[in-house]
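Working notes for the structure below.
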Amino acid sequence: MYRVKKLVIGLMIILLTLLVACQSTDVQDKKVETITLVEVTHSIFYAPQYVSKNLGFFTEENIEIEWVNGNGGDKTMTALLADQADIILVGAEAGLYVTARSQSTDIIAFAQLTQTDGSFLVARHPITPFTWEQLKGKTLLGQRRGGMPQMVSEYVQKQNQIIPHQDVALIQNIDYKNLSSAFVAGTGDFVQLFEPMASKIEAQGYGKIVASFGTESGHLPYTCYVTKKSKQEPELLKRFTRAIQKGQSWVKTHSATEIASVIQEDFPDISKENLIQVVDRYKKQASYAEDTIIDEEEYQRMLTIMKEANELPKVIPYDLYINTTYAEEVKQELKQE
């Protein structure tokens, strides 16, 4: 009997030793990895991303993000090409330009964050009811040539029987950050602005939001996560995608007020009331993608918009630039949990 007890105790010690060793190995295997993420700008338009950060979804995936503001599509893409970024958040057209013009196939877009244009048409004076016909003979402060906001603007104009640069004068030489101040100073009859500037202009009495470019143009792979094939680490990218998907799912099922409360720390200069208003506007027009999968039909619509704006250097096949592997796997796994 004594020998049996000694044997049992010995086996328990061995099992405990193995268990501790396994746990130690697990901890080592799940070390925190740092990703340098350069975002094209810092915007409420990217709310699901900040939800993922503030609710710990990146932490759950053992990822630490080093956040960098790229201050524009060109600079953001340059950061990726120069290996100063692991992942960038940028308009899908940015990577397409690189692929088309350099003949390189190293750039891939692997996850989507927003699925509509995020800009609004602001008129100097209230117009009720507004029709796009009222742009004719007027001056519009637009966005940078070759950028998706400007291409969407021209697409929407054409859809409403307006010839850009002919029926309406387009000013495109003002920096993005100075558009609102130029409009307030008296330049232009209309201006194309992103939030929260559109709502701020409206609240200050300098203009009135009369239309949404996102509603008019339909769903697009508007803002996506892009990386290099040569640098990609499949397991890490999948965990990153899972964290973003969790943020998207949370945003879908929570109110604008709840979302604003979570991301308020990322926008300390914006009042809670204004933040709620902006998030609500984006939610109502379905700007926040419900999942990270970049849809092929939406990709083709983007190519059409670029072609109509005479900004498409070359048609890049969907499979050459888009990789939905991680997004599809993550969506399926989360559905089963």
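The values are calculated or read from the model by the stated rules, or taken from the named source; none is laboratory data. Note that the structure is a prediction, hence the values are computed from the model and not measured. Note that we place each Cβ from the backbone using ideal geometry, even for glycine, and neighbour counts take in every protein chain shown. Each accessible area value is taken on the protein alone, full model and side chains, heavy atoms only, with ligands, DNA and RNA left out. Shrake-Rupley method; radii C 1.70, N 1.55, O 1.52, S 1.80 Å.
The table below gives the values:
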item	result
HN-Hα J in Hz across segment 302-315 - Karplus 6.51, -1.76, 1.60, θ = phi - 60°, x for Gly and Pro	4, 4, 4, 5, 5, 5, 5, 8, 6, 10, 9, x, 6, 6
Selection from PHE120, ILE322, PHE267, by position along the positive dipole direction of the chain (Cβ)	PHE267
Surface share of carbon and sulfur [accessible, 1.4 angstrom probe, percent] for segment 30-189	47 percent
Normalised contact order of the chain, rounded percent, pairs of Cα under 8 Å and 6 or more residues apart	27 percent
q = 0.11 Å⁻¹: log10 I(q)/I(0) that the Debye formula gives for segment 46-185, counting C-alpha atoms only	-0.57
Helix-only CD estimate at 222 nm, as mean residue ellipticity for the chain, using -39500 (n - 2.57) per DSSP H run (n ≥ 4)	-14000 deg cm²/dmol
Accessible surface, per residue, of the chain when the full set of protein chains is kept, probe 1.4 Å, Å²	48 Å²
At q = 0.12, 0.13, 0.15 Å⁻¹, base-10 log of I(q)/I(0) for segment 202-275 (Debye sum, equal scatterers on each alpha carbon)	-0.60, -0.69, -0.87
Max mean-square fluctuation residue, GNM over the chain, Cα-Cα springs under 10 Å, options ILE270, ILE108, ILE293	ILE270
Backbone N within segment 108-148 under 11 Å of label point (7 Å from ILE171 Cα along the Cβ vector)	139-142
Positive-end residue of GLY247, GLY70, THR304, charge dipole of the chain with Cβ unit charges	GLY247
Volume of the Cα convex hull of the chain, divided per residue and given in Å³	157 Å³
Eligible lysines near LYS229 by straight Cα distance, threshold 28 Å, same-chain separation 8 or greater	LYS30, LYS31, LYS53, LYS75, LYS238, LYS246, LYS307, LYS314, LYS331, LYS335
Residue-count net charge about PHE57 - beta-carbon cut-off 13 Å; Lys, Arg +1, Asp, Glu -1	+1
